[in-house]
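Some notes on the structure that comes next.
The values are calculated or read from the model by the stated rules, or taken from the named source; none is laboratory data. The shown structure was predicted, so the numbers you read here are calculated from the model rather than taken from an experiment. Positions of Cβ are generated from backbone atoms using ideal geometry, with glycine treated the same way; all protein chains shown enter the neighbour counts.
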Amino acid sequence: MKREERLTSEMKRYGVNKNLFDSNRPVTCPSCGNSFNLFYSRAKVCTGCPKSVTGCELARCVYCDTEFPLNNIMSKFDSRRTSNYLGSVVKRYYDTFGESEFR
């Protein structure tokens, strides 16, 4: 099923972005083999890293702290688009709550 087909009219009405599906996908760490949520990883493990708001194309395992390129698990285009989306969400959070991404 294509990403666009997963968006219901209700989701579109509330402004759900199709990039949400890629950024919320489970990924498997090539080092330890554990699965984790890409969005959770960016929000928790990458906190304080200035690259987390600039479209970093790396994923960091929440279990063993290994970093690996997103283009190992998705196309280069999807990697760039997903990274930019994740960065914009994290930046919006920092802007909204007055926190610095450099903590």
Condition test on V16, is it of a type in the set (A, V, I, L, M) and either surrounded by 15 or more Cβ atoms within 10 Å (Cβ to Cβ) or over 16 Å from the mean Cα position of the chain (by Cα) (or both)?
no
Can you tell me which residues in region 40-56 are hydrophobic (A, V, I, L, M, F, W, C), out of contact with any strand residue (DSSP E or B) (no Cβ under 8 Å at 6 or more places or on another chain) and surrounded by 19 or more Cβ atoms within 10 Å (Cβ to Cβ)?
V53, C56
Condition check for K76: surrounded by fewer than 12 Cβ atoms within 10 Å (Cβ to Cβ), of a type outside the set (S, T, Y) and at pLDDT 85 or above:
yes
Counting residues that are farther than 13 Å from V89 by Cα and out of contact with any helix residue (DSSP H, G or I) (no Cβ under 6 Å at 6 or more places or on another chain), which strands (runs of 3 or more DSSP E) fully inside region 14-67 reach at least 3?
35-37
Return the pair list, or none, for Cβ contacts closer than 9 Å from residues in region 80-92 that are farther than 12 Å from S52 by Cβ to residues that are modelled with pLDDT of 85 or more, at least 6 apart or on different chains.
R80/E57; R80/L70; R80/N71; T82/L38; T82/E57; T82/L70; T82/M74
Scan region 74-86 and give yes if some residue there is part of a loop (DSSP other than H, G, I, E, B) and within 22 Å of K18 (Cβ to Cβ), otherwise no.
yes
